[in-house]
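Notes to accompany the following structure.
The values are calculated or read from the model by the stated rules, or taken from the named source; none is laboratory data. Keep in mind it's a predicted model, so treat the numbers as computed, not measured. Note: ideal-geometry Cβ built from the backbone for every residue, glycine included; neighbour counts use all protein chains shown.
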């Protein structure tokens with residue numbers, strides 16, 4: 001597979017939005033290894049996932065452009081001449097989308113539409129890979145959830161991401177701007193936000209346990225699946241490199257299914273100690289609770305040969321090792 | 001049923017957005033009969049459906065406020081003190097949504113979100129009925145299409161309307177702002193836009209046949225269903241009057257299914273003469289063609305007792321009679 005990636009990416013021009021964030025920066029590092037000429041776009045808004053430390057060690061081999069995807073003028077310029085666009089910038093916090101729905105709309109809807117318009121007008125040959133989310137499904141009718149499941153988002157973020165995703169598929173189908181979308185489930189690993197729960201609750205757990213504090217498990221019985229970030233990056237590269245992905249939507253999934261309580265136990269065990277408390281949902285979370293969720297990822301396995309390769313215990317071990325070394329850079 | 005409507009609407013305060021448009025103005029006229037105190041909001045943008053002639057005869061019994069739903073400040077004021085909001089303002093043209101996606105997003109997404117925020121903050125007791133569309137379904141996987149069908153819009157308009165609809169359901173579920181959505185199919189009748197095809201192709205047919213010109217049928221074999229506007233108005237009133245509608249999405253449907261060629265024949269026959277040409281799709285329409293569509297409306301029949309009552313031949317006859325008398329007001 002690496003051989004194909006070399007052909008697909010060596011010397012090619014790649015634009016990544018949200019590139020200083022969690023998944024974006026891991027993708028940057030991989031693309032640099034593959035010889036790509038990577039242009040990073042990130043707004044570095046403190047509440048979001050961008051962190052310059054995420055590219056420590058490769059900063060001299062990439063180009064960083066601080067700008068916001070809502071800035072249609074800069075995006076119009078930046079998409080030009082690029083072979084690939086990994087479109088990862090987004091507002092990801094469910095609670096923030098409810099307290100400031102307009103900002104969420106601007107980032108997750110309007111900016112997406114204007115980026116696609118820029119591609120249509122100034123670079124129709126570009127290939128676009130969009131980071132979508134399981135949040136679109138809402139509370140599952142059945143498990144595992146496949147791509148035929150109805151979309152019934154339970155927060156403003158899910159609705160806006162749904163529109164953002166659908167614009168990409170539309171521009172593929174109507175204008176031939178090759179685009180596809182990956183519906184990510186819980187992604188975890190080095191470089192995720194650990195300062196708060198805006199990106200993932202697991203980041204907060206990792207930080208607290210490394211600080212020697214107890215962490216909170218809400219409810220605990222819910223089932224979830226987890227993708228290690230290297231596996232998510234692999235999916236983005238496969239989707240970029242293959243025309244079989246054009247116009248398609250694929251779920252990502254995890255190595256097995258686990259309850260939050262079991263996950264907490266595994267974190268404590270992998271860390272060699274630590275403690276957690278179980279509590280019930282706060283009222284404002286309860287209203288948007290989706291119960292159990294895990295994905296059926298047979299579709300991307302069939303089309304692109306992707307599957308999660310990193311066992312959860314190994315991924316957690318590598319994540320804990322990363323933050324044990326670098327935690328202060330993420331506080 | 002009328003007795004219940006009297007209880008629900010007599011003396012009540014009702015806000016209607018898009019109230020000078022096709023369905024809005026028919027709803028206004030009915031609500032005036034029922035004794036409601038109706039406040040009409042419309043932007044009268046020439047490309048959209050608003051027409052002051054639509055309220056001829058009732059203009060002294062209503063209050064007209066010319067403003068745009070994108071104007072969050074005026075909407076914040078106007079929602080206050082209202083018992084019902086019939087939220088019908090929208091950009092409806094598929095082609096316009098492709099040539100100016102941003103305007104479509106502003107009207108069909110952002111304005112909807114800001115109206116709901118205004119309700120949440122300033123009038124959480126209001127009941128909201130949103131005009132959604134079959135356009136959300138895209139090309140059907142099966143027929144008739146029920147509400148469990150996947151949403152795969154084929155134009156920017158469909159994606160933005162999808163988000164607009166889902167915000168309403170979300171605000172019902174999360175904040176208790178009682179809201180529901182009706183997914184309209186082809187609605188026709190007096191007061192529809194006939195100047196061009198921005199609202200409905202049938203309007204153009206009616207105008208051309210009354211002008212003694214031939215009209216164009218694209219393809220002709222596609223199956224469609226048609227709701228007469230009085231029946232659509234009945235559905236809006238039922239949804240407003242019943243708490244069984246809260247948080248629900250309902251398809252509307254028609255009295256039977258008909259091909260476009262059969263419809264053209266029926267229009268000619270009902271008019272007592274006229275002619276049409278059959279041609280293939282223009283390229284830019286072909287890309288967003290959805291093939292056959294007709295709705296399963298069992299859900300609203302079960303929940304609210306609604307069904308279409310006006311046979312197509314009668315509806316066409318009343319429509320032709322209306323425009324025979326008033327055509328100049330619609331040119």
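What do you reckon, is residue B:116 at pLDDT 95 or above, within 11 Å of another protein chain (Cβ to nearest Cβ), within 29 Å of residue B:238 (Cβ to Cβ) and assigned to a helix (DSSP H, G or I)? Write out each step before concluding.
Details: at pLDDT 95 or above: yes; within 11 Å of another protein chain (Cβ to nearest Cβ): yes; within 29 Å of residue B:238 (Cβ to Cβ): yes; assigned to a helix (DSSP H, G or I): yes.
Taking the combined requirement at face value, the residue satisfies it.
The numbered conditions (1) free of Cβ contacts under 8 Å to residues at least 12 places away in the same chain; (2) within 11 Å of chain B (Cβ to nearest Cβ); (3) out of contact with any helix residue (DSSP H, G or I) (no Cβ under 7 Å at 6 or more places or on another chain) are all true for residue A:166 except (3).
Is it the case that region A:169-183 has a residue that's facing another protein chain (nearest Cβ under 10 Å), in contact with a strand residue (DSSP E or B) (Cβ under 7 Å, 6 or more places away or on another chain) and part of a helix (DSSP H, G or I)? Before you say what the answer is, go through the steps one by one.
Going residue by residue through region A:169-183, those that are facing another protein chain (nearest Cβ under 10 Å) are A:169-171, A:173-176.
Subsequent filtering for residues that are in contact with a strand residue (DSSP E or B) (Cβ under 7 Å, 6 or more places away or on another chain) retains A:169, A:171.
If we keep only those that are part of a helix (DSSP H, G or I) as well, we get A:169, A:171.
Within region A:169-183 (the criterion being facing another protein chain (nearest Cβ under 10 Å), in contact with a strand residue (DSSP E or B) (Cβ under 7 Å, 6 or more places away or on another chain) and part of a helix (DSSP H, G or I)), the answer is yes, since at least one residue qualifies.
Please tell me if residue A:250 is under 30 Å from residue B:173 (Cα atoms) and in contact (Cβ under 8 Å) with a residue 12 or more places away in the chain. Spell out the reasoning first.
Working: under 30 Å from residue B:173 (Cα atoms): yes; in contact (Cβ under 8 Å) with a residue 12 or more places away in the chain: yes.
Yes; evaluated as a whole, the condition is true for this residue.
Candidates are the residues of region B:184-196 that are assigned to a loop (DSSP other than H, G, I, E, B) and touching a residue at least 12 places away in the same chain (Cβ under 8 Å); the one that is surrounded by the fewest Cβ atoms within 10 Å (Cβ to Cβ) is B:195.
Residue B:99 fulfils the conditions (1) touching a helix residue (DSSP H, G or I) at 6+ places or on another chain (Cβ under 6 Å); (2) within 12 Å of chain A (Cβ to nearest Cβ) except for a single criterion, (1). Residues in region A:128-163 that are under 14 Å from residue B:167 (Cβ atoms), within 9 Å of chain B (Cβ to nearest Cβ) and part of a loop (DSSP other than H, G, I, E, B): A:151, A:152, A:153, A:154, A:155.
Yes/no per residue for (1) more than 14 Å from chain B (Cβ to nearest Cβ); (2) touching a strand residue (DSSP E or B) at 6+ places or on another chain (Cβ under 6 Å); (3) farther than 27 Å from residue A:148 by Cβ; (4) surrounded by fewer than 22 Cβ atoms within 10 Å (Cβ to Cβ):
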| site | (1), (2), (3), (4) |
| --- | --- |
| A:219 | yes, no, yes, yes |
| A:235 | yes, yes, no, no |
| A:244 | yes, no, no, yes |
| A:262 | yes, no, yes, yes |
| A:278 | yes, yes, yes, yes |
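Applying the criterion of being more than 19 Å from the chain's Cα centre (by Cα) and within 16 Å of residue B:170 (Cβ to Cβ) to the residues of region A:94-116, the residue that is surrounded by the most Cβ atoms within 10 Å (Cβ to Cβ) is A:101. If I ask for residues that are surrounded by 15 or more Cβ atoms within 10 Å (Cβ to Cβ) and more than 26 Å from residue A:139 (Cβ to Cβ), which ones from region A:283-305 would you list? A:303, A:304 - these are the residues of region A:283-305 that are surrounded by 15 or more Cβ atoms within 10 Å (Cβ to Cβ) and more than 26 Å from residue A:139 (Cβ to Cβ). Taken together, A:247, A:273, A:315, A:253 contain a single residue that is part of a loop (DSSP other than H, G, I, E, B) and either at pLDDT below 95 or within 23 Å of residue A:210 (Cβ to Cβ) (or both), which is A:273.
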